[in-house]
Amino acid sequence: MKVVLGKKSGMTQVIREDGSVLATTILKVLPAYVCGVREEDGKRMVKLGFAPFKKANKPAAGQATKVLRQHKLEANGFRHLKEFDLGGVELKAGDTFGGEIFEKGEKLQITSKSKGRGFAGVIKRHNFHRGPETHGHDHHRAPGSIGAMGIARVLPGKKMPGRYGGTNVTTSGLEVLEYDAEQGLLLIKGAISGPNGSTILVKSLKDMPAQSVSHNQTDEESEAAPVVEEVQAETSVEDPEQSRGTEEIREEAPVEEGDKS
């Protein structure tokens, strides 16, 4: 599996040869430094460091000392230190890579943090309708009833005002348009959640397990689908004895005198 971290630089447009215009997100890819490799439960775990800086604490600095000295970087640690299961990729401590690992047209799964909007009402947070503005109404942007009087409590999961945004959002199926190796810019088709300057986790869908890829179909729909097919198959098959009996009844039915010609 291919993994990199990047900073969102903004959005632009890419015009293809056929004249189509694509909304494009620009990512500044952070070089990844391999800080260590270990085996755990049959998996090859690789610890990657991104964005060297000078104010790392002692535990983080101890894991990055050898790599920083090897590459002669004026820092004592990495701002982002994460561990990934990269499958059968052969890497050793001290290796480095960037956005060149992705191919043009490759599908990606991107995780980012959405923009925080603070405490928001139900109209902005849940797309509620507002109340009438005239004829003596005083219920303009209020949520309205929040439950029945009989149970004397508010049921869990009720859509109400609250903190909106600032959560992790994962988007699958985005496409790599181009990579500029000189500037380290990765152009991705489509929009990515988060403000400019936010940290983006980019993974390739090429070697990712099927269970980790999000789909629109729910588990209940997938389980019910084959049942419907079996019912349709059973109803479409005719019983030969039943059809034979209907033919005999049609042959033995008497012909009325008025129908003779």
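Packing here is the average count of other Cβ atoms within 10 Å per residue, and on that basis the peptides 169-177, 50-58, 106-114, 136-144, highest first, run 106-114, 169-177, 50-58, 136-144. Label zone (E39, point 7 Å along Cα-to-C-beta; backbone nitrogen cut-off 20 Å) within the range 1-16: 1.
Of K66/K113; K28/K115; K54/K82, which pairs sit farther than 21 Å apart, going by alpha carbon to alpha carbon? Over 21 Å apart, Cα to Cα: K66/K113.
Peptides 5-15, 37-47, ordered by how many other C-beta atoms sit within 10 Å of their residues on average, highest first, read 5-15, 37-47. The Cβ shell under 9 Å around G131 holds other residues with a net charge of 0, Lys and Arg each +1, Asp and Glu each -1. Database remark: amide H of L48 closer than 5 angstrom to the amide H of C35, K82, E83, F84 (H placed geometrically; neighbours at sequence offset of 5 or more, or on other chains; Pro and chain starts carry no H). Would you work out which of G150, G162, I123 lies farthest towards the positive end of the dipole of the range 118-164, given +1 charges on the beta-carbon of Lys and Arg and -1 on that of Asp and Glu, about the Cα centre? Value computed over the given set: G162. P(r) tail for the range 118-164: Cα pairs beyond 12 Å make up 65% of the total.
Coupling constants for the range 102-116 follow from the phi torsions by the Karplus curve (6.51 cos²θ - 1.76 cosθ + 1.60, θ = phi - 60°), and in residue order they are 8, 9, 5, x, 6, 8, 10, 10, 10, 10, 8, 9, 6, 5, x Hz; glycine and proline get x. Spin-label model, H137 to A61: label points 7 Å out along the Cα-to-beta-carbon direction sit 6.3 nm apart. Measuring r between the beta carbons of T12 and K124 and using R0 = 30 Å, the FRET efficiency lands at 0.60.
The simple spin-label model puts a point 7 Å past each Cα toward its Cβ; for N196 and S172 those points are separated by 3.2 nm.
Protection proxy ranking, highest mean first, for peptides 90-98, 75-83, 63-71: 75-83, 63-71, 90-98, where packing is the per-residue count of other beta-carbon atoms within 10 Å, averaged.
Each reported figure results from applying straightforward, stated rules to the coordinates on display, with no laboratory input. A quick note: this is a predicted structure, and the numbers were derived from the prediction, not measured. Positions of Cβ are backbone-derived with ideal geometry, glycine not excepted, and every protein chain shown enters the neighbour counts.
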